[in-house]
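Written below as structure tokens is the structure these notes are about.
The values are calculated or read from the model by the stated rules, or taken from the named source; none is laboratory data. This is a predicted model, so every value here is computed, not measured. All Cβ positions, even for glycine, are placed from backbone atoms using ideal geometry, and neighbour counts span all protein chains on display.
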Amino acid sequence: MTAETITAAAAGTWTLGDLTVNRIGFGAMRLTGSAAFHHGTPSERDRSITVLRTAIASGVDHIDTAAFYFSALRSANELINSALAPYPDDLVIATKVGPFRDYSGEWGTSARPDQLRAHVEENLRQLGRDHLDLVYLRRMRQASVAEHFGALAELREAGLVRHLGLSDVSVTHLEEARVIAPVVAVQNRYGLGGTTEADEDLLRVCGELGIAFVPFYAIAGRGGELGPKEDPTDDAVRAVAAAHGASPAQVRIAWTLRRGPHVLAIPGTGDPDHLAENIAAGALRLTDEDLARLDASQADPAGGSGTR
């Protein structure tokens, strides 16, 4: 079976509240340019639209986006709207609120709780929808998420949002939010070669609670939004990839999916070939020996989560 014939269903499914999705999804950030949003060259518009439509045709039913995913030439939400509306009934679109960028691309301060409704409404307008399937509160260094999450819980009660999630949080933040409203997903930085004990604790707790864990930068590794850096796991990743006739990126995605049935992948790209490769990673079955080799290659991690 070639990469082009493997669909996102190969990775299995998970349920976000009452919404069942394939565990391989699509992250829209890179459609606007590089992961740093306003640096690099965005994918050609028609190609980006083709990538989105091909993703849906290949079984992707979970797209991760945000209104602040834009560059001088591209808006991820606008591309999604242009490519996919009217939307398939089974498509789940997740977005994030909290960070703020002005129209020049400059980052501002984190949104106040009373500003989150405007953030949600902007996503609704850009996507052309009357509600959002899943909205993450992206924590911006707040010690407590209670006030911000409470504001989103009110929007959920009003019908603007179906389900709520958290991003860049700890177990303590998750516990704080769950007192206010149900949490169906947590999106944190996580990937082979860069995990901490706190990351593993959060991954475990999410699994125990039936909450999806959605890593970002799972392929980029330590370089994150600034590009790849040499990683102590690279040699092991290349060796496992060679043994399976796979790419290193596919191995990193497959390793991430093996961390638990509740782990979802949202690799993003503006390249149709990379899209097929990323989706095909859901069919890559790493052996116990592969996993042991990869786990043993991890050095003691340093640093925390990245900015997304």
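I'd like the full set of residues that are in a helix (DSSP H, G or I) and under 19 Å from GLY17 (Cα atoms), limited to region 146-172.
Step one: of region 146-172, the residues in a helix (DSSP H, G or I) are 146-157, 171-172.
Selection gives PHE149, GLY150, LEU152, ALA153, GLU154, LEU155, ARG156, GLU157.
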Worksheet, complete the sentence: Here the qualifying pairs (Cβ atoms under 7 Å; residues six or more apart or on different chains; first in region 43-67 and of a type outside the set (D, E, K, R); second part of a loop (DSSP other than H, G, I, E, B) and surrounded by fewer than 16 Cβ atoms within 10 Å (Cβ to Cβ)) come out as ILE56/PRO88
Discussion item. With the requirement that a residue be touching a Gly at 6+ places or on another chain (Cβ under 9 Å), surrounded by 16 or more Cβ atoms within 10 Å (Cβ to Cβ), within 18 Å of ALA28 (Cβ to Cβ) and among the small types (Gly, Ala, Ser), what does region 83-118 give you?
Written reply: ALA94
Fill in: GLN142 vs. criteria among the polar types (S, T, N, Q) and over 22 Å from PRO215 (Cβ atoms)
no
Worksheet item: Of the numbered conditions (1) in a helix (DSSP H, G or I); (2) under 19 Å from the mean Cα position of the chain (by Cα), SER82 satisfies every one except a single condition; which is it?
Response: (2)
Worksheet item: In this structure, does ALA246 turn out to be of a type outside the set (Asp, Glu), part of a helix (DSSP H, G or I) and at pLDDT 90 or above?
Response: no
Worksheet item: Of (1) out of contact with any strand residue (DSSP E or B) (no Cβ under 8 Å at 6 or more places or on another chain); (2) at pLDDT 95 or above; (3) more than 30 Å from GLU44 (Cβ to Cβ), ASP300 satisfies all except one. Which?
Response: (2)
